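Here's the structure, in C-alpha cells; my notes come after.
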There are 2 protein chains.
Amino acid sequence: MDDEREHDPDSPEGRGASAAVLPAGPPDTGRRGLDRRRVLGAAVEYIDQHGLGALTMRRLGAHLGVEAMALYRYVPGRENLLDGVVETVIDELYGDPDVHMQAQHGWQDFLQRLAHGVRRIALAHPEVFPLIATRPPAAPWLRPPLRSLRWLETFLDALLAAGFSDEAAVAAYRAYSSFLLGHLLLEVSHRGVKISPEDEPEGGAADATADLEQHPTIDRLEPLLSRDESAAEFEESLETLIERLGRVLEESSARSARRSTS
Amino acid sequence: MDDEREHDPDSPEGRGASAAVLPAGPPDTGRRGLDRRRVLGAAVEYIDQHGLGALTMRRLGAHLGVEAMALYRYVPGRENLLDGVVETVIDELYGDPDVHMQAQHGWQDFLQRLAHGVRRIALAHPEVFPLIATRPPAAPWLRPPLRSLRWLETFLDALLAAGFSDEAAVAAYRAYSSFLLGHLLLEVSHRGVKISPEDEPEGGAADATADLEQHPTIDRLEPLLSRDESAAEFEESLETLIERLGRVLEESSARSARRSTS
DNA sequence: ACCTGAACACCGTTCAAGT
DNA sequence: ACCTGAACACCGTTCAAGT
C-alpha cells in the first residue's frame, strides 16, 4: 500500500542544486520547496518504478510527502501532468553529451547520435515511452518521438545546411520519426512483456501458448522468434534509412548541379 | 452528459436477430442476448465514437442498456475487455477480402495487401490503434500491430514458401511490424490532433504556436510540415521495405545455389 | 440463468478553511 | 503563500439478493 522505497539519490537530472543546504536526513524526494519541475520529476520516477497505470494524483502526492490536492498548485490537472512527464523525459536529450554539437561530423553522424540518444531515453524509461508515442502532439507538425520544437529546428537546420531541399528535409523528419517510433515501441514493449504479467500462476495465461501446436511454423521457429535482436536491427535499419536519405541528397544535388550548368 | 445518440442501425456485425419481435422503440444496441462478442463489439463502437478515455464499464453498460455489473458475466474485468477490443479489431482483417488468398501473386503482393489491410483498420479505428500499439503482447514473439497467431503463421509461411530462410523470415516479420507500427501510429496521431483539443478558446494552448518565432526554420517550413503526405509516404516506405527484403532473398538464394554447385 | 442494488475502496478535482 | 479536510461525482469490482 504505502511505498517508502529508498530510491536512487541522484535523479536523472543529476544536478546538485548548487551544493547548498540539503538536509540529507529523511528519505523524502527532495521535499521543502515543491515546484513544477520537482513534481514532474517525481512523476517520472514514480512511473519508472511502479508503471504508468499506478500513477495517481493521490499516490504521487504521497510519494512527495504531501496530500494530492497540493499538487494542483503546480499542475493544472492529470492530463497536463502527463504532458509534462513526456516533456521532461524528452528534455533529457538536452543534457546528453553524446548528442550535442552536430556540426562537426556531418548530418549522418548527427542523425546517428540523435537516434541513439532517443533510444537511450526509451530504454531508460520504458514505462513512459508509450506515452511519448501516443499522446496527441501539441501541433500538427510535431511528431513523436521527437516532440520538441527545439529538436525539430535543430534537425531541419542540420539537413538544410547539408544541402537537403526544404521538401527533402521535411520528408526526412517524417521518415526518421516513423523509424524511431516503430523500432523503439517494439523494443520497449518486447522488454516489458516479461515483467508485465504479474504472476502467471501456472496455466493461467494459456491464450497464446496453448494454441501453439495448431501453428506449426510458429512452434518450430519459436526460439528464433523470441530472440531479442533489437539492438542489431536498430543499427541496421538506421543505417539503411541514412543511406536512403543520402541517395535523396545526391539526386537533388545532381539535379541542381545539372540545372546550373545547362 | 447522457448520450442518446441514434447510431448506425446495422452494427459492424450486421445481423438482424433473425427478424423477430424487436420492440423497435428504444435506441438500444441490439439488446436481448448479451454475449462476449456483443460486449466487445459495443466497446469498439463506443471507443470509435467517444474516444478511449471515455470508455467506462458503467458507460459501456449504459450503452448496452444494462447496469455495469452485468458486464462481468461476459468479461472478467476492464483490462481483459481492452485486450478483447484489440483482438476484435485485429480480427476484422480476417473478413477483409482484399487481404486473403496470398497464394496467387507472390509474397510481395501478399505483404502489400496485408499492409493495406492493417492500414484500413488503423484508419477505421484511430482511437483503438494506440491500444493495439501499446498493450503488452500475449507472448514475446507476438509483436504489434500484427498481434495474432494466425496472421503470424500465415506471414511466416508465405515467406518461407517463397524461399526465405527461417532467420530471414523472422527478421522480415520484425521489420514489417516496426514499419507498420511507426507509420500508422504517426498517421493516426496526426489525424487525431485536429479534433483532440476540444475548444482552444483563443490563446489558450499557446505552447507551440507562441514560441514559433524563436524557431525560424520551423516557422518558414510550417506549410510543408503540416502537409499530410501519409498515404504517399506509406506506399513509398512499404515499397522500399519490400525491395530490401527482396534483396535479402536473392542473396540467400544465390548463396545456397553457390553452395550446391561447389 | 441473468441482472440489479447496495456497498467498498479508490479516483480526479474544487473550495473553504487552516497555518 | 502554501497546504489540508471535507466534499462531490465518478470509477472498478464484489456479492447477496431479486426475478
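The values are calculated or read from the model by the stated rules, or taken from the named source; none is laboratory data. Note that the structure is predicted; figures quoted are calculated from it, not measured. Don't worry about glycine lacking a Cβ; one is built from the backbone with ideal geometry, like all the others, and counts go over all protein chains shown. Accessible surface is based on the protein model in full, side chains and every heavy atom, while ligands, DNA and RNA are left aside. Shrake-Rupley method; radii C 1.70, N 1.55, O 1.52, S 1.80 Å.
Here are the numbers for this structure:
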{"item": "Members of region A:49-106 found to be within 16 Å of DNA strand D (Cβ to nearest atom), within 24 Å of the chain's Cα centre (by Cα), part of a helix (DSSP H, G or I) and not small (G, A, S), listed by number", "result": "A:L52, A:M57, A:R59, A:L60, A:H63, A:R78, A:E79, A:L81"}
{"item": "Count of region A:91-110 residues which are touching a helix residue (DSSP H, G or I) at 6+ places or on another chain (Cβ under 6 Å) and modelled with pLDDT of 90 or more", "result": "6"}
{"item": "Subset of region B:46-61 [open to solvent by 70 Å² or more (accessible area, probe 1.4 Å) and within 17 Å of B:Y74 (Cα to Cα)]", "result": "B:R58, B:R59"}
{"item": "Positions within region A:136-184 being among the polar types (S, T, N, Q) and either in contact with a Cys (Cβ under 7 Å, 6 or more places away or on another chain) or open to solvent by 40 Å² or more (accessible area, probe 1.4 Å) (or both), in sequence order", "result": "A:S165"}
{"item": "Cross-chain or 6+ apart pairs with Cβ under 9 Å, region A:39-66 first and assigned by TED's automatic domain parsing to the domain that holds A:P130 and without any contact (Cβ under 8 Å) to a residue 12 or more places away in the chain, then within 12 Å of DNA strand D (Cβ to nearest atom) and in a helix (DSSP H, G or I)", "result": "none"}
{"item": "Subset tally (residues that are at pLDDT 95 or above and under 17 Å from B:L181 (Cα atoms)) for region A:182-235", "result": "10"}
{"item": "Hits in region B:147-182 - residues which are closer than 14 Å to A:H190 by Cβ and outside any helix (DSSP H, G or I)", "result": "B:R147"}
{"item": "Odd one out for B:E167 among (1) at pLDDT below 95; (2) touching a Leu at 6+ places or on another chain (Cβ under 9 Å)", "result": "(1)"}
{"item": "Residue check, B:L114 outside the structural domain of B:Y46 (by TED's automatic domain parsing), open to solvent by less than 10 Å² (accessible area, probe 1.4 Å), in contact (Cβ under 8 Å) with a residue 40 or more places away in the chain and at negative phi", "result": "yes"}
{"item": "Looking only at region B:217-238, and only at residues there that are without any contact (Cβ under 8 Å) to a residue 40 or more places away in the chain and at the interface with chain A (Cβ under 7 Å from one of its Cβ atoms), the one that is nearest to the chain's Cα centre (by Cα)", "result": "B:S226"}
